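Here the structure comes first, spelled out in structure tokens, and everything after it is commentary.
The values are calculated or read from the model by the stated rules, or taken from the named source; none is laboratory data. The shown structure was predicted, so the numbers you read here are calculated from the model rather than taken from an experiment. Cβ sites come from the backbone with ideal geometry, for glycine too, and all protein chains shown count toward neighbours.
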Amino acid sequence: MTSGIPDYTDQPAFLRARADTPDRHFSAARLVSYVAGAVTGDLWNYSNTNYLLAQMIIERVTHDTYGDQLMKRIIIPLRLHSVCYAPYTCSAAAAARMPAGYFFGSEVQQAPLLGKPVPPLALTWAQGAGG
């Protein structure tokens, strides 16, 4: 967390895009684009973008999706039968059992969503940072 790369989830453009369409599908490249040219200026700053970049490196090196790599290397070997990487590896049965999260935060761009349930499996905005 000392890369100096800003967190895309703090960027006003990202917050507006998510608020405009809560179930929008975000690509990794699109999420990284929200921090293009932005700087934190901090010596230490938590950044979901760092995790997303790690995901992209895993995909480039393995020629496989991050979700498939999680399944092959962690979820299946550890026999984690009730775990999935939402929305990419979740079965319909698993998705039906998942509770809905709710939007929260103080960002003005998120105001229309506050207290409303997150659409089921609408986690492409998180990806390797916590999907």
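Rundown of residues vs (1) surrounded by fewer than 16 Cβ atoms within 10 Å (Cβ to Cβ); (2) assigned to a loop (DSSP other than H, G, I, E, B), yes/no style:
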site: Ala36; (1), (2): yes, yes
site: Val39; (1), (2): yes, yes
site: Asp42; (1), (2): yes, yes
site: Asn50; (1), (2): no, no
site: Met56; (1), (2): no, no
site: Arg60; (1), (2): yes, no
site: Arg73; (1), (2): yes, no
site: Leu78; (1), (2): yes, yes
site: Ser82; (1), (2): yes, yes
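Being on the phi < 0 side of the Ramachandran plot and either buried (at least 19 other Cβ atoms within 10 Å of the Cβ) or touching a helix residue (DSSP H, G or I) at 6+ places or on another chain (Cβ under 7 Å) (or both) is a property that Arg30 lacks. Residues of region 13-34 being assigned to a loop (DSSP other than H, G, I, E, B) and not acidic (Asp, Glu), which ones? Of everything in region 13-34, those that are assigned to a loop (DSSP other than H, G, I, E, B) and not acidic (Asp, Glu) turn out to be Thr21, Pro22, Arg24, His25, Phe26, Ser27, Tyr34. Restricting attention to region 84-120, the residues that are surrounded by 11 or more Cβ atoms within 10 Å (Cβ to Cβ), among the polar types (S, T, N, Q) and modelled with pLDDT under 75 add up to 2.
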